[in-house]
Amino acid sequence: MENLSANHALLGKVEYPLVRSKLRAWLVLEDLYSNIIEAAELGNRTDFVSSMYSYVSAALSIPTEDMQSYPWYEVTRAFRNIFAVNIPSFDFPLLRKKIQEKIKEKVEWEYPGRTWFVWLHLLAKNYGWDIKYVENLDLDDGVALLQEILLDAQLEKEWTWSLSEIAYSSDPTTHTTKFIPLERPEWMKPTPKPMKKVKIKASELPVGLVLKWDTDTNEYTRPQ
């Protein structure tokens, strides 16, 4: 059974076929995945294990209390396969998230499971679809359409902003006016290009012991 394909999950003696989630189920899993990442960042082992159990439990419709009876390696392997099946087919900018050093402070009106209702509200409002239709959307279609909705809203804000006086600053010295663009959300900003590596000639190296910072070990090492 070690060669079990990635489109199945094995827990105990039961083999569960994995099917790509529809939009609502996928958003539930994404919220649970966020909990896993948050617990890992905080080093909270108890919450990490609990969130992992909840993720696999939700995906396979297994009672959460039953998850503790399975070997940990089976749970993590099931998680890996479930996650892989539900990766969006496209690299949507809307979904790009940087790992934060600090947990983002939640707003007062946040509650568990709100993500789905935010998406439902926006999709239903813009397209007139009912709940059943929205929750059964293909996840790629749902993400793509929501991104277009948010893009339209942002561009409309930018147009309105450009018509207001506060969008321009005047320089009394040069008698010129400068346009101040409206701040865009992170997913709409260009991806920073990696710094170009430049090889330094040995003759240009500083005198003395030269050390290089190793990002893998987080310590200084001598260049080879």
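The values are calculated or read from the model by the stated rules, or taken from the named source; none is laboratory data. It should be emphasised that the depicted structure is a prediction, and the values quoted were computed from it without experimental measurement. Counting neighbours? That spans all protein chains shown, and the Cβs are built from the backbone with ideal geometry, glycine included.
Worth a mention:
- So A124, is it closer than 30 Å to S89 by Cα and small (G, A, S): yes
- Where a residue in the stretch 61-82 is surrounded by fewer than 19 Cβ atoms within 10 Å (Cβ to Cβ) and its partner, wherever it lies, is of a type in the set (G, A, S) and not in a helix (DSSP H, G or I), with Cβ under 7 Å and at least six apart: Y70/G12
- Answer from T221, T176 - the residue that is modelled with pLDDT under 85 and either surrounded by fewer than 10 Cβ atoms within 10 Å (Cβ to Cβ) or not assigned by TED's automatic domain parsing to the domain that holds S51 (or both): T221
- Test: residue in the stretch 144-162 that is modelled with pLDDT of 85 or more, surrounded by 11 or more Cβ atoms within 10 Å (Cβ to Cβ), part of a loop (DSSP other than H, G, I, E, B) and assigned by TED's automatic domain parsing to the domain that holds W119: no
- Residues (buried (at least 16 other Cβ atoms within 10 Å of the Cβ) and in contact (Cβ under 8 Å) with a residue 60 or more places away in the chain) located in the stretch 121-143: V134, E135, L137, L139, G142
- Inside the stretch 34-60, residues that are under 15 Å from G113 (Cα atoms), in contact (Cβ under 8 Å) with a residue 24 or more places away in the chain and surrounded by fewer than 19 Cβ atoms within 10 Å (Cβ to Cβ) make up a count of 1.
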